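The values are calculated or read from the model by the stated rules, or taken from the named source; none is laboratory data. As the structure is a prediction and not an experimental result, all values here were calculated from the model. FYI the Cβ positions are ideal-geometry reconstructions off the backbone, even for glycines, and counts take in every protein chain you see. Accessible surface is based on the protein model in full, side chains and every heavy atom, while ligands, DNA and RNA are left aside. Shrake-Rupley method; radii C 1.70, N 1.55, O 1.52, S 1.80 Å.
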Amino acid sequence: RSEQTYCDRLVQDTPFLTSLGRLSEQQVDRIILQLNRYYPQILSNKDAEKFRNPKLSLRVRLCDLLGHLQRSGERDCQEFYRALYIHAQPLHSCLPSRHALQNSDCTELDSGNASCELSDRGPVAFLTCLGLATGLALLIYCCPPDPKVLPGARRVLGFSPVIIDRHVSRFLLAFLTDDLGGL
């Protein structure tokens, strides 16, 4: 099961995709047009007209399209999933085959899970870091070159490289050596 192909996924997802109300007529048309325009070897003009025929129901056209892609091969099924992701991203994330992939060891076909890890700490942590960085920048910027005006700030900046990352500490030490050179 770890070697699930796009054709296998399409077989698994077909009942889900063809159920009532999953894909709108516009979404199916956009997918067909993308496959026809960018990949005419996947869908010829004649095939595209057949799958966009308004005289047939949307479900019948979609079943015909998915069957055609399954018979066409792996690359065609892969391009269908790419078009589905572009034109119906919320539906793409709910596909049964994606849930099966996330629950198995197969991760090479699954894409886009890293974005969920970015906002784990929330807005308070972001605002705290932003406030700290802004305060430090203002302290460095507003601190006059005369060491007699704010000697306490110079002492704090002198000991802060012990706590702060080495890249920032190099900057602070360079700042202090420039200003304290006249003492």
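So the values come out like this:
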item	result
Spans of helices (runs of 4 or more DSSP H) in segment 67-166 with at least 1 residues under 29 Å from Leu35 (Cβ atoms) and at pLDDT 80 or above	74-87, 89-93, 96-103
Pair list, Cβ < 8 Å and 6+ apart or interchain, from segment 38-56 residues that are under 15 Å from Phe80 (Cβ atoms) and aromatic (Phe, Trp, Tyr) to residues that are open to solvent by less than 50 Å² (accessible area, probe 1.4 Å) and not in a helix (DSSP H, G or I)	Phe51/Leu43
Residue list for segment 34-61, filter: assigned to a helix (DSSP H, G or I) and open to solvent by 40 Å² or more (accessible area, probe 1.4 Å)	Arg37, Tyr38, Asn45, Lys46, Glu49, Lys50, Leu58, Arg59, Val60
Arg9, sole failed condition from (1) over 17 Å from Leu95 (Cα atoms); (2) of a type in the set (Lys, Arg); (3) part of a helix (DSSP H, G or I)	(1)
Test: residue in segment 15-32 that is modelled with pLDDT of 90 or more, among the aliphatic types (A, V, I, L, M), open to solvent by 40 Å² or more (accessible area, probe 1.4 Å) and within 16 Å of Phe80 (Cβ to Cβ)	no
